[in-house]
Ligand SMILES: *Cc1c(COP(=O)(O)O)cnc(C)c1O
């Protein structure tokens, strides 16, 4: 039924509710920074979660060759099936064998991992429902859900326990409208890696409360020595797990926009309706990039283990370097990561009373030292900042030593007496150590 045409006297074109309610928190905060770097010092940004930023980390030749070959293949120019070419889905299924039994039919190719996340959220949650997300957490979840009228509810991670999930808090957040629990492992922004035991505890809560899991495993295998990555799907007996991953971080190609969802549903709880929903949703973009799809089997099969090992070892060494340097910064408490490519650093704000928030702290650090770290606000987690560990060694070292200088110059000296009351036991020695060195 068409409405009678109204007499349009004026142009009146409005943005949709979806457009108006979609926000990228990180971009909003970063673009509204009101400070200029110190012109005497080159600007060093430890804020960008893109491993290609500094040009020091590159994919191996096998990966580049695979794409060079793909461009010659006529089918890599045409549309592919909505879920992706079967050869590519087969290759992802083999590559993902660590997740449990995966058949090509369980694999849906997407335009990056964030598109995979969007599909899962949009297929499993309706407007008015909620999705449980870790705090501190990766903000794309908020961006994707809120526009759709889906509420984000947080469950807390515990900074004093290597960012494990606060299990009681997680369970208490679940209500009748909870459509999904998001588990990010290894974690952005924390760099934590969960043990099998801890993953089983999370699965137990999901099973008891009958809530499916979205496993964001874009940092799969990205773990430092002494730690082991376990796919949560491999441990699930009954909880449906939708795992989102892709090439972006491990292969150092965020711009290629190749990700995937893998459906793990051993007991057929999701049924055909959810799978059909995913197929329907995949049709919205007429399938992901076929140039990269064609290259995918060679990328996943030919990349040598030595490439993966070298990248992770580099990041691990950068983590150690940053941790050792920043432990010396009075008023900071870096938390050593176990994987991924980030480190969270607590700022003891009571020792810097001239700054009301950590945003003011990082802004002043830009204007004095030309070093930029992402404020905790970007993860809905005040009093912390996040640094990326992918920067080359000389840049990371220089940035850390400027952070130490900044803290030394800005910490309030008459607060030193109060430190014992303020600082947690574990950080106390480090802080005093830092102060005595700066005194
Ligand atoms: C980078 C990142 C993504 C998004 O990856 P794309 O493939 O670039 O969309 C998703 N989740 C986490 C935790 C990330 O850090």
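Of the helices (runs of 4 or more DSSP H) lying entirely inside the range 1-96, the ones with 2 or more residues being surrounded by 14 or more Cβ atoms within 10 Å (Cβ to Cβ) are found at 25-31, 61-70, 86-95.
Report, by residue number, each residue of the range 174-198 that is more than 16 Å from the ligand (Cβ to nearest atom) and in contact with a strand residue (DSSP E or B) (Cβ under 8 Å, 6 or more places away or on another chain).
Answer for the range 174-198, where residues must be more than 16 Å from the ligand (Cβ to nearest atom) and in contact with a strand residue (DSSP E or B) (Cβ under 8 Å, 6 or more places away or on another chain): 174, 175, 177, 178, 179, 198.
Taken over the range 174-204, the criterion of being under 19 Å from the mean Cα position of the chain (by Cα) and part of a loop (DSSP other than H, G, I, E, B) is satisfied by 185, 186, 187, 188, 189, 190, 191, 192, 193, 194, 195. Listed by position, the helices (runs of 4 or more DSSP H) inside the range 255-368 whose residues that are at pLDDT below 95 number at least 3 are 271-282. Among the residues of the range 110-127, the ones that are more than 16 Å from the ligand (Cβ to nearest atom) and closer than 25 Å to residue 254 by Cβ come to 1 in all. Working carefully through the options 33, 46, 57, find the one that is closer than 17 Å to residue 378 by Cβ and modelled with pLDDT of 95 or more. Just one listed residue meets the conditions, 46. If you check residue 205 against the conditions, is it closer than 25 Å to residue 271 by Cβ and surrounded by 23 or more Cβ atoms within 10 Å (Cβ to Cβ)? Answer is no for this residue. Looking across the range 157-170, the residues that are buried (at least 19 other Cβ atoms within 10 Å of the Cβ) and touching a helix residue (DSSP H, G or I) at 6+ places or on another chain (Cβ under 7 Å) come down to 165, 170. Taken over the range 374-401, the criterion of being in a helix (DSSP H, G or I) and over 15 Å from residue 324 (Cβ atoms) is satisfied by 376, 377, 378, 379, 394, 395.
If you take the residues in the range 136-163 that are in contact (Cβ under 8 Å) with a residue 60 or more places away in the chain and under 18 Å from residue 206 (Cβ atoms), which one is farthest from the ligand (Cβ to nearest atom)? Filtering the range 136-163 for residues that are in contact (Cβ under 8 Å) with a residue 60 or more places away in the chain and under 18 Å from residue 206 (Cβ atoms), the one farthest from the ligand (Cβ to nearest atom) comes out as 154. Criterion applied to 248, 243 was being surrounded by 24 or more Cβ atoms within 10 Å (Cβ to Cβ) and at pLDDT 95 or above, and the one residue passing it is 243.
Could you tell me whether the range 128-135 includes any residue that is touching a residue at least 24 places away in the same chain (Cβ under 8 Å), assigned to a loop (DSSP other than H, G, I, E, B) and within 15 Å of the ligand (Cβ to nearest atom)? Scanning the range 128-135 turns up no residue that is touching a residue at least 24 places away in the same chain (Cβ under 8 Å), assigned to a loop (DSSP other than H, G, I, E, B) and within 15 Å of the ligand (Cβ to nearest atom). Could you tell me whether the range 283-298 includes any residue that is surrounded by fewer than 24 Cβ atoms within 10 Å (Cβ to Cβ), farther than 17 Å from residue 118 by Cβ, out of contact with any helix residue (DSSP H, G or I) (no Cβ under 8 Å at 6 or more places or on another chain) and assigned by TED's automatic domain parsing to the domain that holds residue 98? No, the range 283-298 contains no residue that is surrounded by fewer than 24 Cβ atoms within 10 Å (Cβ to Cβ), farther than 17 Å from residue 118 by Cβ, out of contact with any helix residue (DSSP H, G or I) (no Cβ under 8 Å at 6 or more places or on another chain) and assigned by TED's automatic domain parsing to the domain that holds residue 98. Residue pairs whose Cβ atoms lie under 9 Å apart, separated by 6 or more positions or on different chains, with the first residue in the range 232-261 and on the phi > 0 side of the Ramachandran plot and in the same structural domain as residue 109 (by TED's automatic domain parsing) and the second more than 14 Å from the ligand (Cβ to nearest atom) and assigned to a helix (DSSP H, G or I), are 252/63; 252/311.
Could you tell me whether any residue of the range 261-278 is within 16 Å of the ligand (Cβ to nearest atom) and in contact with a helix residue (DSSP H, G or I) (Cβ under 8 Å, 6 or more places away or on another chain)? For the range 261-278, residues within 16 Å of the ligand (Cβ to nearest atom) and in contact with a helix residue (DSSP H, G or I) (Cβ under 8 Å, 6 or more places away or on another chain): present.
Residues in the range 212-234 that are surrounded by fewer than 20 Cβ atoms within 10 Å (Cβ to Cβ) and over 17 Å from the mean Cα position of the chain (by Cα): 225, 226, 227, 228, 234.
Inspection of the range 304-314 finds no residue satisfying the criterion of being in contact with a helix residue (DSSP H, G or I) (Cβ under 9 Å, 6 or more places away or on another chain), within 16 Å of the ligand (Cβ to nearest atom) and not assigned by TED's automatic domain parsing to the domain that holds residue 179.
Scanning the range 99-119 for residues that are within 16 Å of residue 258 (Cα to Cα) and out of contact with any helix residue (DSSP H, G or I) (no Cβ under 7 Å at 6 or more places or on another chain) gives 112, 113, 115, 116.
If you check 117, 152, 108 for being part of a helix (DSSP H, G or I) and either modelled with pLDDT under 95 or closer than 30 Å to residue 189 by Cα (or both), only one passes: 117. For the range 71-86, the count of residues that are in contact (Cβ under 8 Å) with a residue 24 or more places away in the chain, within 19 Å of residue 232 (Cα to Cα) and within 16 Å of the ligand (Cβ to nearest atom) is zero.
The set of residues in the range 205-250 being within 14 Å of the ligand (Cβ to nearest atom), over 19 Å from residue 89 (Cα atoms) and assigned to a strand (DSSP E or B) consists of 214 alone.
The values are calculated or read from the model by the stated rules, or taken from the named source; none is laboratory data. Bear in mind the structure is a predicted one, so any value in this text is a computation, not a measurement. Neighbour counts are summed over all protein chains in view; Cβ atoms, including those assigned to glycine, are modelled from backbone coordinates with ideal geometry.
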